[in-house]
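Dropping a structure here in structure tokens format, bear with me for questions.
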Ligand code: AGP
């Protein structure tokens, strides 16, 4: 067991540290002459760009990767994307036709609800594309097209490196689709792709924030409940940060779109309640900072995660985690590991079984 953990105390920590290599293995074979290229995976972008509607459906962390996909595909490729939870999508009589594309995301390739959605999409004649980590898994076998993520085996129940490679694939798809669709030019596509190619180094840098993350964890460990807030891509990321924390620390947490606070959630804020604010998107920073001030004025303890170029006024946050800079679109890849590390150290401090949290299974093969 110790040997399998490669010197790390838990599989989760080992897997967090494997992320730079996992991203490199997933991304670099799909960059050809500086451009994203998914043709070796059987993906024909000229066809893909003509689908009426793109759906991305998955469960848990994989669904959160789909949320990042939605933001970047819509922003860059200007194609409408609907993201849904597999167990909801399949029972809501969804409007999906043969002119649509269904993307399912699954680490294990065995999740029952995700599998059912894939079958439902095939029944109506929609094109299906699976983003899967386990080679030869059921979902991979049944989908029309498969893009394998190369994370290697993920043992810890809490998914980390699988999420990171799932979002890398979302970026490859978004960039290539945007170029095929004519919504970004070749220069921009190459620039984004080059940045994506450099993400293993950026992620490595973010792993060096582990002491800061462990310090932040020491501030969360006695909390009864906390909030994650963000806007846009930062909201997508907050959902994953929050799930990771509750899954292994057993502390109740919610993610909220920062602009929604005033519509109900802010009444939960009491003296000392931790709020983790993710703010990596320049256009939205002022708005998020004003939401931070609102929670702070009501006694919240604010932990701000932002990139190192963003200026925030004195006293806005109690603690700040500064991320290395990359293209704004790619910031989720820079913020993911610190969020995972915060969850990890909180779980360790609580003395929980980090790799096997109570009541959870690694792969949910029943409904
Ligand atoms: C994440 O940490 C989870 N344990 C869980 O949400 C997981 O992502 C979900 O069950 C989906 O699994 P899959 O990717 O194997 O389909």
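Readers should treat all values here as calculations from the given coordinates under stated rules, not as data from a laboratory. Owing to the predicted nature of the structure, the values given are computational and were not obtained by experimental measurement. Using ideal geometry, Cβ is built from the backbone for each residue, glycine included, and neighbour counts are taken over all protein chains shown.
Pull out a ≥ b ≥ c, the square roots of the eigenvalues of the alpha-carbon gyration tensor of segment 126-165, then state rounded if a/c is under 1.5, prolate if not and a/b is larger than b/c, and oblate in the remaining case.
prolate
Which of 11, 215, 175 comes first, and how do the rest follow, when ranked by fewest Cβ neighbours within 10 Å?
With the fewest neighbours first, 11, 215, 175 line up as 215, 11, 175.
Calculate the FRET efficiency for residue 155 and residue 358 from the Cβ-Cβ distance with a Förster distance of 25 Å, rounded to the nearest 0.05.
The value I calculate is 0.90.
Over all alpha-carbon pairs in segment 1-100, figure out the percentage whose distance exceeds 21 Å.
54
Would you order 159, 87 from fewest to most other beta-carbon atoms within 10 Å of each residue's own beta-carbon?
Arranged by neighbour count, lowest to highest, 159, 87 become 87, 159.
How tilted is helix 331-349 with respect to the longest principal axis of the chain? Cα atoms for both, answer in degrees (0 to 90, nearest 10).
50
Rounded if a/c is under 1.5, else prolate if a/b is larger than b/c, else oblate: which is segment 195-250, with a ≥ b ≥ c the root eigenvalues of its Cα gyration tensor?
oblate
Could you sort 245-257, 262-274 so that the peptide with the highest average Cβ count within 10 Å comes first and the rest follow in order?
245-257, 262-274
If you average the sequence gap of Cα pairs under 8 Å that are 6 or more apart and divide by the length of the chain, what percent do you get for the contact order?
The normalised contact order for the chain reaches 20 percent.
If you rank 234, 93, 44 by fewest surrounding Cβ atoms within 10 Å, what's the result?
Taking fewest neighbouring Cβ atoms as first place, the list is 93, 44, 234.
Give the separation of the Cα centroids, segment 253-315 to segment 143-214, in Å.
So the separation of the two Cα centres works out to 26 Å.
Taking square-rooted eigenvalues a ≥ b ≥ c of the alpha carbon gyration tensor, is segment 210-285 rounded, prolate or oblate, where a/c under 1.5 means rounded and, failing that, a/b exceeding b/c means prolate?
oblate
Roughly how tilted is helix 60-72, in degrees to the nearest 10 and between 0 and 90, from the longest Cα axis of the chain?
80
Quick one: angle between helix 186-197 and the longest Cα principal axis of the chain, in degrees between 0 and 90, rounded to 10, please.
The helix 186-197 is inclined about 60 degrees to the chain.
Moving on to the next point. Report the Rg/Rh value for the chain, based on alpha-carbon coordinates and the Kirkwood definition of Rh.
That ratio is 0.95, to two decimals.
Out of the DSSP beta bridges found with both residues in the chain, what percent are antiparallel (nearest 5)?
Looking only at bridges with both residues in the chain, the antiparallel portion is about 5 percent.
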